[in-house]
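Have a look at the structure below before the remarks.
The values are calculated or read from the model by the stated rules, or taken from the named source; none is laboratory data. Model, not experiment: these values are computed from the prediction. We place every Cβ from the backbone using ideal geometry, glycine too, and count neighbours over all the protein chains shown. For accessibility, only protein heavy atoms count, side chains too; no ligands or nucleic acids. Shrake-Rupley method; radii C 1.70, N 1.55, O 1.52, S 1.80 Å.
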Amino acid sequence: MTTVADTIVDILHDAGVERVYGLPGDSLNGFTDAIRRNGHVAWSHVRHEEAAAFAASADAALTGDLAVCAGSCGPGNLHLINGLYDANRSRVPVLAIAAHIPSAEIGSGYFQETHPQELFRESSVYCEMVSVPEQLPRVLEIAMRAAVEKQGVAVVVIPGEIFLKESAGRRKSAPILPTRSVVRPADEDLARAADILNSAKKVTILGGAGTQGAHAQLLAAAAALQAPIVHALRGKEFIEYDNPYDVGMTGLLGFSSGYRAIEDCDALLMLGTDFPYQQFFPSKAKIIQVDIRGEQLGKRTPLDLGLVGDVGDTLDALLPLLAGDKSGKHLETSVKHYRKARKELDSLADNDHGRTPIHPQYVARLVSELATRDAVFIPDVGSPVVWAARYLEMNGQRRLIGSFSHGTMANAVPQAIGAQSAFPDRQVVALAGDGGLAMLLGELLTLRQSKLPVKIVVFNNSSLNFVEVEMKAAGFVNYGTDLENPNFADVAKAVGIHGQRVENPNDLEGALREAFAHDGPALIDVVTARQELSIPPTISAEQVKGFTLYALRTVLSGRGDELVDLADTNLLRRIFD
């Protein structure tokens with residue numbers, strides 16, 4: 001007998017799915033057994049369903065193909081939700097199989113009963129429950145199509161006994177794979193865009209993740225407009241390499257040069273970006289936004305013109321309309337400012353004469369220098385994202401992914417599981433915060449059990465560091481952010497992973513080289529400076545006021561030694577160097 005579960009697995013295999021991330025449970029037994037018998041789709045076992053969803057998110061982000069995760073009924077599939085939120089907000093195609101309690105018990109308050117359709121609706125583009133075998137495979141195919149075409153999460157809720165029912169059968173559909181269409185604005189709208197850009201004296205381009213695959217067109221537009229290119233965080237991997245027009249990033253993690261290039265322009269061309277911080281948009285410039293999703297237009301700042309289209313397709317059509325007669329002064333000034341800002345940032349990423357604790361900028365710089373040409377970098381949310389954004393060098397082959405839209409802790413190692421599973425021969429480096437690593441620490445066991453050679457670099461500053469920076473900026477005395485950490489290298493060794501702790505910067509390069517060369521998972525626990533400040537490119541009066549209040553309150557609370565550490569880490573170093 002061909003079961004519903006058999007049909008599901010067959011359809012997944014036809015669509016190119018190679019693995020399902022999850023944790024077994026009784027309500028999933030029919031599905032996992034079908035995977036076992038199928039032999040073409042692997043079961044990728046994790047220690048927490050949240051990690052399964054994160055792994056699927058990374059798999060989909062890197063391959064561009066549908067990735068799948070699964071959870072058993074009640075608490076099992078509920079654990080998926082944070083990772084699914086991340087995948088949906090990152091706009092990557094993920095299918096979640098959410099097992100449910102027996103159909104006859106729904107609504108009775110049965111053991112482990114939840115309402116998955118309600119729970120997952122906000123974190124998905126499609127969510128539906130299968131009540132009878134006749135709904136499959138149709139509902140599954142609709143869900144998969146929604147995930148790949150809307151670039152988001154689709155959830156299929158299936159009571160456990162349905163998996164074991166005889167499949168109703170259906171004429172086999174073509175494999176569900178992403179389609180590719182040419183999408184660009186109408187000619188009259190492109191003409192309006194060209195008029196605005198041609199009449200402007202100083203044009204700046206702001207690009208995001210939507211520029212993927214459009215590097216050549218982006219540079220051609222910058223040349224025609226003599227426009228500096230600023231990137232949002234998710235655009236870094238697609239924009240900054242081989243780019244003479246690059247002036248860095250803007251936003252809370254960015255450079256002063258990126259902020260200045262946008263503020264000084266009289267026309268801003270936004271390409272494939274959902275950059276969220278309104279205070280970093282120009283105060284006077286005309287703004288054109290290009291996005292494949294029309295509902296995104298004008299969401300972050302008022303527009304003079306909104307265009308629906310793929311970035312590459314739109315620029316192909318727009319380029320012939322650009323006059324190409326711009327002065328290069330705005331570009332030259334912006335690039336010069338970027339070089340100065342870049343030099344200042346790079347000066348902080350050094351050994352610091354062997355002084356301890358180690359500066360996190362130095363850690364990130366060495367990771368970038370020693371990693372392979374096609375490495376995948378995955379930073380935890382918080383300060384590791386800051387150092388990754390500023391010091392990891394992209395080259396067109398490397399990838400940089402993370403929880404950049406959802407902004408959740410503990411994403412690095414679980415996403416590294418998905419990245420390494422999808423690309424077993426590629427170097428994957430998780431830049432873990434000590435708080436993020438501890439939150440899903442059990443996934444170290446997944447790395448060992450699945451023999452995934454992920455390299456973990458821990459920024460161990462014994463604190464929720466980015467939260468502390470936010471507290472300082474708001475004028476609060478740090479509270480509740482201390483972390484009493486173990487030696488994470490010893491923890492790694494205890495579970496069978498290569499581990500080394502580094503406390504002196506002179507030992508860091510050798511430790512990283514050894515870890516990167518190790519044939520298997522490896523963890524380097526780096527003790528980094530807790531008081532390192534990550535200053536945004538523009539400091540508001542409120543932030544200055546906040547730091548002043550922080551200093552005053554800290555002294556009055558009897559913790560003035562923190563100010564001494566803060567000065568030693570950030571100010572005295574600059575003075576004496």
Notebook entry, point to check: What number comes out for the charge environment of A220, summing +1 per Lys or Arg and -1 per Asp or Glu over other residues with Cβ under 14 Å away?
Noted result: -2
Next item on the list: Answer rounded, prolate or oblate for the chain, using the Cα gyration tensor with square roots of eigenvalues a ≥ b ≥ c: rounded when a/c is under 1.5, else prolate when a/b is larger than b/c, else oblate.
Entry: oblate
Item checked: Förster-model FRET efficiency, 41 Å R0, L177 and D425, C-beta, rounded to 0.05 -> 0.95
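With +1 on each Lys and Arg Cβ and -1 on each Asp and Glu Cβ, how big is the dipole of segment 310-453 about its Cα centre, in debye rounded to the nearest 20? Working shown, then result.
Working: 16 positive and 16 negative charges, 68 e Å.
Using only the charged Cβ atoms, the result is roughly 320 debye.
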Next item on the list: With unit charges on the beta carbon (Lys/Arg positive, Asp/Glu negative), name the residue among V502, T211, I288 whose Cα is farthest towards the positive pole of the charge dipole of the chain.
Entry: I288
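When the accessible area of segment 147-232 is split by element with a 1.4 Å probe, what percent falls to carbon and sulfur? Show your work: numbers first, answer last.
Values: 1940 of 3840 Å².
Looking at segment 147-232 in its full context, I get 51 percent from C and S.
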Notebook entry, point to check: If each of E509 and N29 carries a label point 7 Å out from its Cα toward its Cβ, how far apart are those two points in nm?
Noted result: 5.8
Checklist line | Sum of side-chain charges, K165 neighbourhood, beta-carbon under 11 Å (Lys, Arg +1; Asp, Glu -1) | finding: -4
Check: Based on the Cβ-Cβ distance of E122 and E149, what FRET efficiency does E = 1/(1 + (r/R0)^6) give at R0 = 22 Å, to the nearest 0.05?
Finding: 0.65
Notebook entry, point to check: Put +1 on the Cβ of every Lys and Arg and -1 on every Asp and Glu Cβ in segment 302-370; which of A364, G328, L348 then has its Cα farthest towards the positive end of the dipole?
Noted result: L348
Check: Ignoring ligands, DNA and RNA, what percent of the accessible area of segment 329-466 is carbon or sulfur (1.4 Å)?
Finding: 52
Margin query: List residues of segment 254-274, by number, whose backbone nitrogen lies under 14 Å from a label position 7 Å along Cα→C-beta of R342.
Written below: 255-258
Check: Extension gain V467-I106, at 0.36 nm per residue separation less the Cα-Cα distance, in nm?
Finding: 125.8 nm
Notebook entry, point to check: Looking at A51, I97, T7, which one has the Cα that reaches farthest to the positive end of the dipole of segment 1-109 (charges on Cβ: Lys, Arg +1; Asp, Glu -1)?
Noted result: A51
Check: Antiparallel as a % of all DSSP beta bridges within the chain, to the nearest 5?
Finding: 5
Check: Among all the lysines, which ones have a C-alpha under 25 Å from K150's C-alpha, if same-chain residues fewer than 8 places away are not counted?
Finding: K172, K236, K299
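Before anything else, pin down the relative contact order of segment 142-279: Cα pairs under 8 Å, at least 6 apart, normalised by residue count, whole percent. Don't jump to the answer; show the numbers that get you there.
Values: 169 pairs, mean separation 32.2, N = 138.
Answer for segment 142-279 is 23 percent.
What does the charge dipole of segment 271-351 about its Cα centre add up to, to the nearest 20 debye, if the Cβ of each Lys and Arg holds +1 and the Cβ of each Asp and Glu holds -1? Show your work: numbers first, answer last.
On the way: 12 positive and 12 negative charges, 100 e Å.
Dipole size: approximately 480 debye.
With the full set of protein chains in place, find how many percent of the accessible area of segment 1-93 is carbon and sulfur; take the probe as 1.4 Å. Please list the in-between numbers first.
Details: 1380 of 2940 Å².
C and S fraction of accessible area: 47 percent.
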Checklist line | Probe 1.4 Å, accessible area per residue of the chain, Å² | finding: 41
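Between Q397 and W43, what length comes free when the chain is fully extended (0.36 nm per residue of separation minus the Cα-Cα distance, one decimal in nm)? Walk me through the numbers on the way to the answer.
Values: separation 354, 0.36 × 354 = 127.44 nm, distance 2.86 nm.
Between Q397 and W43, full extension yields an extra 124.6 nm.
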Next item on the list: Provide the gained length on full extension for the span D195 to Y479, in nm with one decimal, where the gain is 0.36 nm per separating residue minus the Cα-Cα distance.
Entry: 96.9 nm
Next item on the list: Quote the charge dipole size of the chain about the Cα centre in Debye, to the nearest 20; the model charges only the Cβ of Lys and Arg (+1) and of Asp and Glu (-1).
Entry: 920
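Using a Förster distance of 22 Å, how high is the FRET efficiency between E166 and R36, based on the Cβ-Cβ distance and rounded to 0.05? Kindly include the intermediate steps, with their values, before the conclusion.
Numbers: r = 19 Å, r/R0 = 0.86.
Efficiency at R0 = 22 Å is approximately 0.70.
Quick check: net charge around V41, other residues with Cβ under 12 Å of its Cβ, Lys/Arg +1 and Asp/Glu -1? Please list the in-between numbers first.
Values: positive: R19, R36, R37; negative: D6, D10, D14, E18.
Once all neighbours under 12 Å are counted, the net charge is -1.
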